[in-house]
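Nothing in this text is a laboratory measurement; each read-out follows from the coordinates by a stated rule. Predicted model, so just to flag it, every value in this text is computed and none were measured. All Cβ positions, glycine included, derive from the backbone under ideal geometry; neighbour counts span all protein chains shown.
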Amino acid sequence: MSPPDRPKPDVPADVLERIANALERLALERLAPAPRPAPDFAAADAFVWYPDARALAAVPRVNRVDMSLLKGIDRVRDILMENTERFARGLPANNVLLWGARGMGKSSLVKAAHAAVNRGLGPDAGLLKLVEIHREDIESLPDLMALLRGAPYRFLVFCDDLSFDAEDTSYKSLKAVLEGGIEGRPDNVVLYATSNRRHLLAREMIENERSSAINPGEAVEEKVSLSDRFGLWLGFHRCSQDEFLAMVEGYVAHHKVPVDAETLRRESLEWATTRGSRSGRVAWQYVQDLAGRLGVTLGDTKS
């Protein structure tokens, strides 16, 4: 026996119409979300890209060191400064890949160059903006480019420690933005990336793909050619003992750490030996240890 029909509620026609209109608006909003407000690029000289929110967060104070404290990289410093200055003044400039030894100042140089060039623009100071995109967010590069395209500023988009693993396909987004896409890179954007690898992928990945491919040459060309799309490759190599000592002495002089030359030389070389490396990062770590032992508060290293 079927249950008796329940009485239907008597809903006024205007209420039903309002409900239908509300559902229609919700459906349209899902299909075409309301545009987000444009970023306030005048709020800061540097920003961090957050793709989930499709937003740029202003960085009021950038973590960087003064250009004068970066030792042993004079040649690459001059090349990067010249390229950045040309770009900031609206002239043709290249994307740059800074690759090589760890701790030798690759990312520090990018941030220092941004500050130095911005200051040198005179009445246009503040025109050049630094935008950091994290390695894991590379796939969102096209969205970031769309946000920057047409803005009345020039943008240095920076990705630190860029590399790709065997199953990672996000490099295709970077490749398209660098040159291959329909829109390509906006005229007011240049990309700077740092990496420990010259070709942005591990050697064993290249060998594995060569050994398993039908056409070994073509199998890896797509990934290897990614680094070719950076117009400038700037190599950073392990520093000599004299360069390492110059780094240590530069930090000590800048922060006015009271230590005699002989003690500084002996301790800093011993510090580097125990770590099996000489680099700007190791030099700074030693100076922090030395200042702590001497009860000296380190001042600002920022430009």
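In this simple spin-label model, placing a label point 7 Å from the Cα along the Cα-to-Cβ direction at both Arg89 and Tyr50 gives a separation of 3.8 nm. Shown in residue order for segment 283-295 are the 3J(HN,Hα) couplings computed by the Karplus curve 6.51 cos²θ - 1.76 cosθ + 1.60 at θ = phi - 60°: 4, 5, 5, 5, 5, 4, 5, 4, 4, x, 5, 8, x Hz (x for Gly and Pro). Take the Cα of Asp143, step 7 Å toward its Cβ, do the same at Ala38, and the gap between the two points is 2.0 nm. Would you mind calculating the gained length between Arg293 and Arg198 on full extension (0.36 nm times residue separation, minus the Cα-Cα distance), in nm to one decimal? Length difference between fully extended and current span is 30.3 nm.
On full extension, the segment bounded by Asp14 and Ile79 gains 16.4 nm, given 0.36 nm per residue less the C-alpha separation.
For segment 76-173, the equivalent ellipsoid built from the Cα gyration tensor has semi-axes of 24, 18, 10 Å, listed from largest to smallest.
A Förster distance of 41 Å, applied to the separation of the beta-carbon atoms of Asn21 and Ala151, puts the FRET efficiency at 0.65.
If R0 is taken as 35 Å, the Cβ-Cβ distance between Asp228 and Arg265 corresponds to a FRET efficiency of 0.25.
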